[in-house]
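Just below is one structure, and these are the notes that go with it.
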Amino acid sequence: MAMMSNPLEEISASKSPDPCVLVIFGATGDLTARKLVPALYNLSKDGLLPSHFVCTGFARRPKSHEQFRQEMFEAISKHSRSKPIEQGIWDSFSEQLFYHCSEFDNDEGYEKFKNFLQDIDAQFGTRGNRVYYLSTPPSYFPQIVDKLSKHGLLYDPEVVQDRFSRIIIEKPFGQDLESAIKLQRELESCLQETQIYRIDHYLGKETVQNLMVLRFANAVFESIWNNKYIDHVQITVSEDIGVGTRGKFWEEAGMLRDIVQNHMMQLLSLVCMEPPVSLQANSVHDEKVKVLQSIRPISPDEFDNHIVRGQYGPGFVNGEPVKGYRQEDNVNPQSGIETYVALRLFVDTWRWSGVPFYLRAGKRLPKRATEIAVTFKEAPGVLFNRALGPENANTLVIRIQPDEGISLKINSKVPGGSCLIQPVKMDFRYGSYFGSTPPEAYERLLCDCVLGDSTLFARQDEVMASWKLLTPVLEYWKHTAPKNFPNYAAGSWGPKEADELLQKDGRTWRYL
Ligand SMILES: NC(=O)c1ccc[n+]([C@@H]2O[C@H](COP(=O)([O-])OP(=O)(O)OC[C@H]3O[C@@H](n4cnc5c(N)ncnc54)[C@H](OP(=O)(O)O)[C@@H]3O)[C@@H](O)[C@H]2O)c1
């Protein structure tokens, strides 16, 4: 079977990465062990790291380089997508792993680190190039950037052209519009926008990258990708897990901040954007930000009607009894934090005028699934003696996780003498068609940052447009305690108000 390549992947693969040191701030944390170091190992295995490359952790727990390597070996063994660890790959990869112990506010620690990095440059030929990954609690982002700048570890790209320094910032980028603007100003005092890579790991997922290919490399879809043919779009992020050990974090975040403001808005912008003039990062960002700025502001009288918030109570998931949110560790027993959000948005452009976009995201739902479903208008009911009904409308589903792929629901005649019509699915699965599991999102994103390609990262105006839209909702919720929490049982599809949100428009949520 012919193997088709991904044009976006080729763009990155065609460049060769410059030597560099990747510094992970917060290297003893969960993200480093579960995602970052396993991603680096797989990049090393696939030959995608620079030939002169070092990764060094930076955190406050004292440990030797050897201890750090041992811990990372265990992390890779547990979390790598490719298993078992190949000894030869590990041996050379581990020689490029180091650890530096310091508090984030300790000037002496940064001075020692600077000398350490100079030694690394001399030993490994990494030429002073730096990527700093801030995998730390967000409150430390400004402090670390400030210390790096003060100790000469950041270079102004307008002055220094023979080396680069870039910062990868983990989510969340602010808690609301005001804090996001403040963080942006703090970063701008030390960095140019071209040096800042705001990570949204959804953008590194294979199916999300291929949204652009699906739309702009297939005339068949692009010509019907508008309000003339599309009835509505549903975007779902459903998790079966609860908040687990992250109760403290969740009490300050909630679903609107954690998933909707960043991941779902990014998906929406990719579905709706106009074709960019090129695949250069700024061209793509220019089109995405126009979408985010075109979303109709949610007026205060819609807060209760078109935005539903929910919180799970006790229930059953996969046949097992599970706690309600308020019974989870480190959660206020009276908490008003939402673990579910459903909302309706409109993108006020010529292309999308009148097309509703329904977004829902929830924890402790019956299954884990992230998808975008584009439902087309019904065919006129002039033939076959009847209209076929909304349940038979053609639907294009882009499955983001799990089982990445694309399916198209079309109507077909049931074989036999009568003219019975039944919907059937044309299904494309990445795993079975391309014969391999797609790389982890973090692999692609780390690789792109080392290459200096920010296309799959969020630009500051995208982040601000999204906060501008959703901050009034957060403000309203802050001052209006939910009266009915918990309002859905763990293991159900969310509060009944979410169903009513679509019923009012004569529609229903897709059954996943
Ligand atoms: N974990 C995830 O799945 C996930 C997913 C998406 C985004 N994120 C984001 O990624 C970032 C990191 O998350 P995480 O879950 O890895 O956090 P974490 O497990 O709490 O790790 C935080 C890290 O920062 C270090 N640290 C904290 N305060 C420090 C200080 N004053 N000086 C030096 N080191 C200090 C910790 O060192 P000690 O171990 O010594 O305390 C630890 O290495 C956060 O911004 C989070 O929002 C995480």
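Report yes if some residue within the stretch 315-332 is basic (Lys, Arg) and within 19 Å of the chain's Cα centre (by Cα); otherwise report no.
no
Taking the condition of being under 26 Å from PHE173 (Cβ atoms) and crowded, with 18+ Cβ neighbours inside 10 Å, how many residues in the stretch 110-150 meet it? Walk me through it before giving the result.
First, the residues of the stretch 110-150 that are under 26 Å from PHE173 (Cβ atoms): 110, 113, 129-150.
Next, only the ones that are crowded, with 18+ Cβ neighbours inside 10 Å stay: 110, 113, 129-136, 141, 144-145, 147-148.
Counting residues in the stretch 110-150 that are under 26 Å from PHE173 (Cβ atoms) and crowded, with 18+ Cβ neighbours inside 10 Å gives 15.
What single numbered condition from (1) outside any loop (DSSP other than H, G, I, E, B); (2) within 13 Å of the ligand (Cβ to nearest atom) fails to hold for VAL54?
Unmet for VAL54, out of (1) outside any loop (DSSP other than H, G, I, E, B); (2) within 13 Å of the ligand (Cβ to nearest atom): (2).
Determine which member of the set VAL317, VAL284, VAL271 is touching a strand residue (DSSP E or B) at 6+ places or on another chain (Cβ under 9 Å), assigned by TED's automatic domain parsing to the domain that holds TRP225 and not charged (D, E, K, R).
VAL271
Among strands (runs of 3 or more DSSP E) lying entirely in the stretch 353-417, which contain 3 or more residues that are assigned by TED's automatic domain parsing to the domain that holds ASN262 and β-branched (Val, Ile, Thr)?
Because the criterion is at least 3 residues that are assigned by TED's automatic domain parsing to the domain that holds ASN262 and β-branched (Val, Ile, Thr), the strands (runs of 3 or more DSSP E) in the stretch 353-417 that meet it are 369-376, 395-401.
Does VAL450 satisfy being outside the structural domain of SER238 (by TED's automatic domain parsing) and either out of contact with any helix residue (DSSP H, G or I) (no Cβ under 7 Å at 6 or more places or on another chain) or assigned to a strand (DSSP E or B) (or both)?
Yes, satisfied.
Has the stretch 88-97 got any residue that is within 16 Å of the ligand (Cβ to nearest atom) and closer than 21 Å to LYS171 by Cα? I'd like the intermediate steps shown before the answer.
Filtering the stretch 88-97 down to residues within 16 Å of the ligand (Cβ to nearest atom) leaves 97.
Pick out the ones that are also closer than 21 Å to LYS171 by Cα and you get none.
No, the stretch 88-97 contains no residue that is within 16 Å of the ligand (Cβ to nearest atom) and closer than 21 Å to LYS171 by Cα.
If we scan the stretch 253-264, do we find a residue that is within 16 Å of the ligand (Cβ to nearest atom), over 26 Å from GLU206 (Cα atoms) and either at pLDDT below 90 or surrounded by fewer than 20 Cβ atoms within 10 Å (Cβ to Cβ) (or both)?
yes
Considering only residues of the stretch 14-38 that are part of a helix (DSSP H, G or I) and more than 14 Å from GLU170 (Cβ to Cβ), which is nearest to the ligand (Cβ to nearest atom)? Working first, answer last.
First, pick out the residues of the stretch 14-38 that are part of a helix (DSSP H, G or I): 30-38.
When the remaining residues are screened for being more than 14 Å from GLU170 (Cβ to Cβ), the result is 33, 37-38.
Values: ALA33: 8, VAL37: 11, PRO38: 12 Å.
Looking at residues that are part of a helix (DSSP H, G or I) and more than 14 Å from GLU170 (Cβ to Cβ), I get ALA33.
Looking at the stretch 39-47, can you tell me whether even one residue there is modelled with pLDDT of 95 or more, within 16 Å of the ligand (Cβ to nearest atom) and either assigned by TED's automatic domain parsing to the domain that holds GLU71 or among the basic types (Lys, Arg) (or both)?
Scanning the stretch 39-47, I find at least one residue that is modelled with pLDDT of 95 or more, within 16 Å of the ligand (Cβ to nearest atom) and either assigned by TED's automatic domain parsing to the domain that holds GLU71 or among the basic types (Lys, Arg) (or both), so the answer is yes.
Here's the yes/no breakdown for (1) within 15 Å of the ligand (Cβ to nearest atom); (2) more than 27 Å from LEU117 (Cα to Cα); (3) surrounded by fewer than 20 Cβ atoms within 10 Å (Cβ to Cβ):
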position: GLY152; (1), (2), (3): no, no, yes
position: PRO157; (1), (2), (3): no, no, yes
position: VAL160; (1), (2), (3): no, no, yes
position: ARG163; (1), (2), (3): no, no, yes
position: GLU178; (1), (2), (3): no, yes, yes
position: GLU186; (1), (2), (3): no, no, yes
position: SER189; (1), (2), (3): no, no, yes
position: TYR197; (1), (2), (3): yes, no, no
position: TYR202; (1), (2), (3): yes, yes, no
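The values are calculated or read from the model by the stated rules, or taken from the named source; none is laboratory data. These figures come from a predicted structure and were not determined experimentally. When we count neighbours, we look across all protein chains shown, and the Cβ atoms used for this are built from the backbone with ideal geometry, even at glycine.
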